[in-house]
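Since the structure comes first, as C-alpha cells, the remarks are kept for the end.
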Amino acid sequence: MKVVVMVKRVADPNVNIRVKEDGSGVDLENVKMAINPFCEIAVEEAIQLKDKGQAKEVVAVSVGGKDSEDQLRTALAVGADRGILVEAERDLEPLAVSKLIAKVLEEENPDLVILGKQAIDSENSQVGQMVAALMGFSQGTFASELTLKDGEVEVTREVDSGLQTLSLKLPAIITADLRLNEPRYASLPNIMKAKRKPITTVSAEDMSVDITPRIQTLQVEAPTDRKAGKILSSVKELVEKLRTHEELI
Amino acid sequence: MKSHVKAVVVGGGIFGVSSLYHLAKEGWDDIALIEKGELTSGTTWHAAGLCPLFTGNESFAHLHHYGVKLYQSLEEETGVPTGWHGCGGIRLARDENELNWHKYFADVANRVGYEMRILTPEQIKELNPHVELHGCVGGSYSPDEGHVDPNMATNSLAAGARKLGAEIYRNTFVKGFEQLSSGEWKVMTDKGDITCEHLVLATGFFSKQVGRWLDLDVPFVNVVHQYLVTEASPVTDLSEKELPVLRDPASCSYVRQEQKGLLGGPYEPDSLQTIYDDKDVEWTFDFDLLEPDLERVEPWLEKMVERFPAFGEVGIKKVISGFIAHTPDLSPIVGPAPDHKNLWLAGGSAIGISQGPGCGKYLAQWMVHGSVERCANFLDPRRFGSIYDSEWVRERTVEVTCDMYNQHPPGYTYKSGRPLIKTDIYDNQKNKGAVFEDVLGWERPKWFSRDGEGEKPSWSKNNSFESVKQECLAVRNSAGLTDLSAFSKYMVSGEDASDWLNGIFANRMPEKIGGMCLAHMLTDDGYFLAEMTITKLEDNRFILIGPSSARYRDLDLLSKSARHHDGVEVTDVTTSYGCLALCGPNSRQILSQITNHPLDNASFPWLSSRNITIKGVQVIALRVSYAGELGWELHIPIEGMGAVYDALYEAGGDLGLLDFGTYALNSLRMEKGYWAYGTELTVEMTPLEAGVNRFIDLNKPDFVGKRALEERKAKGVEQKLVYMEIDVEHLDVIGGESIYQDGEVIGVITSGAYAHYSKKTLAFGYVQVNEYKSDQPIQVRMLGDNFSASILTGPVYDPSNTKLKS
C-alpha cells in the first residue's frame, strides 16, 4: 500500500508572530519555521502504518517555497521514503494547493492520503476536504483513530456530539486530529540520513493548474494586547464587578 | 515609574539583572532596570545554562567560580531557586600538549579555590561510562561546576535586587538618552522619562544599535549558536547522580544531561554564522529564535555522536538556534564606556549565564567604589578602540569563536585581520623571519625564525629557543635592535601640563628639558592604574610612553582627567611614531655613525632625552634600555621608520647588530630584575607590595593615591614581590604558577623567562608575607610538577648598572 502524506512549512508555534509594519502580512524574516504540528501527526500515522507492515511506501509531499524542503526532510528523518516538493510562491490559497496536490495524486496513485486537519498559520481546514472532492476519494476528517482493514479504512472522528466511526473505501483522504497519535522525534543519525533520501521538485507553474489568487488581503493586524487581569478578594466582589463594571451578567 | 534614581540599567538579561542585583548589594538601593519586554527575553532565555570552571586563566577562574558559588546560595537569600545542577564537568584532551594545558590550569583552579583533577581515560570512563575515548589521552574533571536554569537564575537575581530596593520596569521601551548639563543621564521611555546619575547598557544583541544613539561603537558581533535537546535517554537516570557535562575539543561541543534527556551543542570551527552585522535587529525580536541549520554543523554533530553514541540513539526534541553577542577576544565587555562620563557597558559574553554574576559584581564595584577587587582589564571596554573597524571586529570575533574549544598555548596568536598597522620595516622584518604578535593593531616581532619555520606554540619550551638565545647574546655581546613601535604615545601640552601630571602621577615630573622619569598613575586607594615613561620635550610639552595594549584605556584616563584642566591638552600620537630600541655594548658606536649628536655620557647621560637627527629624520632619543645595556629608544616619526632602520643596519652590520624580539627582551629584562607592567604591576598591587618605592615621590605635596599609600605604609603589606631562580630546564615560566612552601600555596608567579646569558630560569612572583619563611625552601608548580626555587636578592645581571651607564 502506498501512503501519501502532506506537510506544510509554518512559523514555529513556539515563537512570537510579528505582523509586518505595512500590514501586508506576517513577517517571516529570520523567524524559526517548523512543520505544521497537525502534519507531524499525519506523518507519524503514515510511519506507524509502515512500521506495522501495512504501508509499503510513504511519500511526503509539500506545496510551498524552496525552503519547504526542510520540512520534507523532517518527514524523511522520521521515516518517510521520499519527498515531492511542488515549488510555488508561498501564499497559495487552499483551492490552488488542493488542485496541485490532486495533480500529484493522479501521478502517484496512492491508496491512502493523510493530511493535518488544518495548518496553524492560516487555520483554514480546507485542503483535505477539497482534495477529496477533486479526486473523488472518500474522506474522513479530524481523525483520532485509524484502522486499516481489507480495502477499507476505519476512522474514528471527534465531532461535537462525541465520536463518530466511519468506514471508508480506499483510496481515501484522512485528516489528522490532535489525538490521533504522538509524533516521534527523529534521531540525529536519521536526521543526517534524511539528507540522502530523494526529493523530487516540480514547479507549480508547470502543472497546468490555475492557481490565480481569488482572495484579496486587505489588512493583517496583530491581535490587541490582552489587558492585565485583576485579583479579587471574594466571589461576592467578582459577581458585583461582573454586574457593575463589565456588565456581563 | 520613578522620575529620578541613582542608576538605571537598560536590559533585563542575565547581565543587566546581575548588574542591578550587585549594585544593590554594593549599597545603591535607589536604582532601576528597564526592559523592553520580559526579563531574559533576548539571549538569556535560550541559553544552555552552562557554568564551566575550566577557564583560560586566573581572572576567568575567579569570575566563573563566583557565579557557581552564587547560584548555589542565591535561593537562600532571595527565596527563588536558580535551578542549579552541580553535576561536575569533564574536558577531554587529545594529546599530551593539550593535557599540559589542563595541568597548568588545574594548578590555577586549585589556588583560586576549587577542585580540578587530571584524569586518565579509565577514570573518565568511571565518571561517564557512555563516552567513547578514541583520540584522547585523558582530561580533567571539575566536580564543582554545573548548570542552572537561565530563567530561574535571572529571576532569582531580580528577586534579590527587588528585596534590596531596586525597581524593575518591564515592557518599557527606551527610546533614547540625553546627557544633561548636570552630567546626569535622561533616559527617555515610552512610559516617561527617568533621570539618573549612572547609566548601564546591558542591551545584549541590541548593543550596536543602542550604542549608536550615543556615538559609541560597541565591538559586538551577533553570533549564531545552536544546541540540540533529545527526548528521554536510557543513559540518564534521575535517581542517580547527573552525568557530568562533557566538553570535547575534537567535536568542539558540549553534552550534558537535561532532565531525562541530553543536551548538546557544537561550536562550529569553520562554518560559523554571524547575523545582523550589517543591519539592526528588529526591536520586536523577543523570546525569538532562528531557524535551525543542522547541515552547517553536521561534521561536528557526527563527531559528537561518535564521542557520545547515546546522543544519536534517541529522538531530537528541539533544536535551539539563537544569537549571542560575542566580542573579538571572547571576553565580555564590562566597565566604563570610553569618552562618556558615568556611562557603563555590560555584555558580550559567550557564556553569559556563567559570567553574568561575576561581571555584575565587578561592574557594581567599579561604579560604586571606583575600582574592582581584581584586575578587570580583561573586561574593560577600553581595550578596544577606533583602530578596529567593523570588518576587523567581525573577522576576529568569528576566528576566536571558532577556536573556542582549542587550547591556546603560550606563543599562540590569532591570524585574522592582520596586519592592521604596517610600518615601513614590516616586510623587511618578515623577510628576516620575524614571528609577529599583534598588539592593538601593531605587528610586533616576538622573535626571528631564521630558518623560516615559524613558531610552534607549546606549553613547554618551544622552537624559538635557539633563535632567542642568539638574539639575547647579540644584545649582551654586541648590539641588538627591536621594534617597539606598538608603545602607546601621548603628547601632553599646555601651561598647566607639569602641575597636572604631578597631580595624577606618583613620581616627580622632570623639570629640565630632556629630563625623564618612569611614573605611575595610582587609584585613590593607591593601586597601580598605569605606567608611563614621561619625557619633557620642551617647556610645557611632554611625551608619555605607555604600554601598547593600554592605549585607549590610558587615553581615556588622561582625557577624562584633563577635561577639568583648561591649560592641558592630551593628544594620542601612537600611530604617528614608531620606536626602535637599540641596545648592547656597540650601540653607541653604531648610532654615532648616523647622527651628529654627541652621544658621550656627559652630553647624553643615562635617563635623559635628546632630539637627534638620523638621515634627515628628527628622532626623539631616550637613553634607556629595558634590556639593561647601553642603549637608546628611538621614537621616530612613522614615515621615517624605513630610513632609520636601514641606516642603523648600514652602520651596525659589521658591529654584530641583530634584530631581536619581545621574547629576547623579556629574557633580558628578567636577568636585570626589571618588573613588567601588567604582570608584576597590576591594579591588584600598590607600589609597596611591588617594592617600586623609588618611583613614588611621597615628598610631593599631593598626587592621586598618596594618602592611601601613606596609610598603607604604616599598616604594612600582606604580599610582596620576590625575584627567584627556578631549577627547571625543559619548561618555560608562563605566569600563573603557584609558589609552594611546606606543601602549602604561599604565592603566585607573575612572569618569568629563561635567561639565556646567565643560563637560569628566572621568575617574579608575589608571596604572602605572613606565610613565607625566608629560611625555608620554596617550590614552583609547573605543569603538575614542583620544582625547587631560590629567592634572589638582586639582579642576576649587572646589579650596579655599569652597563647602562657605560
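Annotations
- Rounded to whole numbers, the Karplus 3J(HN,Hα) couplings from phi for the stretch B:285-301 are 6, 9, 6, 10, 10, 9, 6, x, 9, 6, 4, 4, 9, 3, x, 7, 5 Hz, using 6.51 cos²θ - 1.76 cosθ + 1.60 with θ = phi - 60°, and x at Gly and Pro.
- Inter-label distance, nm, simple model (7 Å from Cα along the C-beta direction), A:Arg82/B:Lys175: 6.0
- Residue with peak Gaussian network fluctuation, chain A [Cα springs, cutoff 10 Å], from A:Pro189, A:Pro13, A:Pro110: A:Pro189
- Restricting the calculation to Cα atoms, the protein assembly as shown shows an Rg/Rh of 1.04 when the hydrodynamic-style radius is the Kirkwood one.
- Using distinct alpha-carbon pairs, which all enter the 1/r mean, Kirkwood radius of the stretch A:150-249 in Å: 21.9
- For chain B, the longest principal axis of the C-alpha atoms and the axis of helix B:465-477 are separated by about 30°.
- Size descriptors for chain A, from the alpha-carbon set: Rg then Dmax equal 20.9, 67 Å.
- Rounded to whole Hz, the Karplus (6.51, -1.76, 1.60) HN-Hα couplings of the stretch B:508-525, x for glycine and proline: 7, 6, x, 9, 7, 5, x, x, 8, 8, 9, 9, 10, 8, 10, 7, 4, 8
- Average beta carbon contacts from partner chains per residue of B:208-216, 10 Å cutoff: 0
- Available extension along the chain between B:Ser603 and B:Asp190 is 141.7 nm, counting 0.36 nm per residue and deducting the alpha carbon span.
- Of all DSSP bridge pairs formed entirely within the protein assembly as shown, close to 75 percent run antiparallel.
- Partner shielding of B:289-300 amounts to 4, given as the average count of beta-carbon atoms from other chains within 10 Å of each residue beta-carbon.
- Note on B:Glu391 and A:Lys66: the model spin-label points, each 7 Å out from Cα along the C-beta direction, lie 2.7 nm apart.
- The order of the peptides B:15-28, A:36-49, B:160-173 by mean Cβ neighbours within 10 Å, most packed first, is B:15-28, A:36-49, B:160-173.
- Under conditions of 10 °C and 1.306 mPa s, the stretch B:13-86 yields 114 µm² s⁻¹ as its translational diffusion coefficient, taking Rh as the Kirkwood radius over Cα pairs in the Stokes-Einstein equation.
- The GluC sites (Glu not before Pro) of the stretch A:48-94 meeting both criteria, a DSSP state outside H, G, I, E and B (loop) and at most 14 other C-beta atoms within 10 angstrom of the site's C-beta, are A:Glu89.
- Mean shadow area of the stretch B:376-422, taken as a quarter of the surface of its Cα convex hull (nm²): 4.2
- Simple label model, 7 Å out from Cα along Cβ direction - B:Asp215 to B:Ser592, nm: 5.4
- Principal-axis tilt of helix B:662-671 within chain B, Cα atoms, nearest 10 degrees: 70
- Put simply, the convex hull of the Cα atoms in the stretch B:501-652 casts, on average, a shadow of 9.5 nm².
- Beta bridges assigned by DSSP with both partners in the stretch A:2-221 are antiparallel in approximately 40 percent of cases.
- Paramagnetic label zone (point 7 Å from Cα along Cα-to-C-beta, B:Asp339; backbone N under 18 Å) in the stretch B:553-578: B:553-564, B:570-575
- Order by protection proxy (mean Cβ within 10 Å, highest first), peptides B:696-702, B:493-499: B:493-499, B:696-702
- Rounded to the nearest 0.05, the FRET efficiency derived from the C-beta distance between B:Glu373 and A:Val26 at R0 = 56 Å is 0.65.
- Relative frequency of Cα-Cα separations exceeding 17 Å in the stretch B:271-398, percent: 70
- Cα-based convex hull, chain B, per residue volume (Å³, whole number): 160
- Between 0 and 90°, nearest 10: helix B:14-25 axis offset from chain B longest Cα axis: 80
- 5 angstrom amide H check on B:Glu145, placed H, neighbours 5+ away: B:Gly88, B:Gly89
- Estimated FRET transfer efficiency when R0 is 60 angstrom, pair A:Thr200-B:Ser800 (beta carbons, to 0.05): 0.10
- For A:Glu154 and B:Ala250, the FRET efficiency from 1/(1 + (r/R0)^6), where r spans their Cβ atoms and R0 equals 45 Å, is about 0.30.
- DSSP bridge orientation in the stretch B:647-806 - percent antiparallel, rounded to nearest 5: 95
- Using only the C-alpha atoms, the convex hull of the stretch B:439-557 corresponds to 159 Å³ per residue.
- In terms of the mean number of neighbouring beta-carbon atoms within 10 Å, the peptides B:407-415, B:342-350, B:263-271 order highest first as B:342-350, B:263-271, B:407-415.
- Cα-derived Rg over Rh, computed across the stretch B:389-482 with Rh taken as Kirkwood radius: 1.01
Bear in mind these aren't lab numbers, they're just calculated from the coordinates by the rules spelled out. Predicted model only: the values in this text are computed from it and were never measured. With ideal geometry, Cβ positions are generated from the backbone for all residues, glycine too; neighbour counts draw on all protein chains shown.
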